[in-house]
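Every number here is computed from the coordinates shown, using simple stated rules; none is lab data. Small disclaimer: the values here were computed from a predicted structure and weren't measured.
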Amino acid sequence: MDTLTTLETTIRQRLTADPASSYVAQLHERGLPVIARKLGEEAVETIVAALSGERQELVGEAADLLFHLTVLLAEKGVPLSEVMAELDRREGTSGLEEKASRSE
């Protein structure tokens, strides 16, 4: 978790950086729809790598996916700790039970 916490801190700092020197700032400047689309692209690339790529390709795409998810969360002001708390809340609950509880 330390790596994700460090990444989150870096991303939050770079949201307000000069877009000429920061990819995160460029994404922020372009807005939420662009960030969301980029996250979707990375998700698709991760799926493709899982289905047909080499292990290292999947590792790289998964890292890109986590990075862009962290950018999206930062853009929306959602801390990773909140996501982790939700995962903790679900611990010990069957995935089927958890999914059914969302549709009630």
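A few comments on the model shown:
- Its relative contact order, with pairs defined as Cα atoms under 8 Å and 6+ residues apart, puts the chain at 26 percent.
- Separation between Cα centres of segment 67-104 and segment 1-45, rounded to whole Å: 19 Å
- Value of [θ]222 nm, deg cm²/dmol, for the chain, DSSP H segments ≥ 4, -39500 (n - 2.57) each, nearest 500: -25500 deg cm²/dmol
- Calculated P(r) of the chain - Cα pairs past 20 Å, %: 52 percent
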